[in-house]
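The structure under discussion appears below in the form of C-alpha cells.
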Amino acid sequence: MERRRLLAASATVVAGGVAGCLGSDDPGRLDLTVRNDGDGPVDVDVVVEGDDGTTYEEESDRVDAGVARAFEVVVGATGRHEVAVTGPDWEGRLAWDAGTCQLYDATMVVGGGTVEVAGECVNSR
C-alpha cells in the first residue's frame, strides 16, 4: 500500500514538472515605473499593446517633478508586447515576448530633454 502512495506522489511531481516545462497559460505582466527627473510636471500617455492589436492599457497621467508613477498591466500569455510612454515632445518604447517572459520590469526616466529607457525580464517562463 505504501508503494502505491509513493508511486502516485512521484507521478504527480513528474506531471507538474513536465507541465511547467511546456509553458503556462498564465497571463504576462508589465511592471512599469515612469520617473520625472525634470524641473516641472510632465503629462504622460501610457499605451500597452500586443502584436495581435489588443490594447491592454491606455492611460494618461501627470507626473510631478521628482516623482515616480507605477503602472501594473496584465497582458496576454504569449506574443510580442510593447509599451509606449509619450509626452508632448518625447517618446520612450520597450518590447518583450510574454511567451518567454512572464514578468517584465520597465523604467522610463524623463527629464532635462532626455528619455532614459530600461527593461528586463525578471520572471522567465
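Things worth noting here:
- Shown here: the range 61-125, whose C-alpha atoms stretch 37, 19, 18 Å along the first, second and third principal axes, sorted largest to smallest.
- When both the range 58-78 and the range 31-46 are represented by their alpha-carbon centers, they are found 9 Å apart.
- Segment SER124-ALA68, length gained on full extension (0.36 nm per residue, minus Cα span): 17.6 nm
- The stretch between ASP52 and GLU82 holds 9.7 nm of extra length on full extension. This uses 0.36 nm per residue minus the Cα-Cα distance.
- For the pair ASP43 and ALA95, label points projected 7 Å from Cα toward Cβ lie 2.8 nm apart.
All of the numbers you see were taken from the coordinates with simple rules; none came from a lab. These figures come from a predicted structure and were not determined experimentally. Cβ sites come from the backbone with ideal geometry, for glycine too, and all protein chains shown count toward neighbours.
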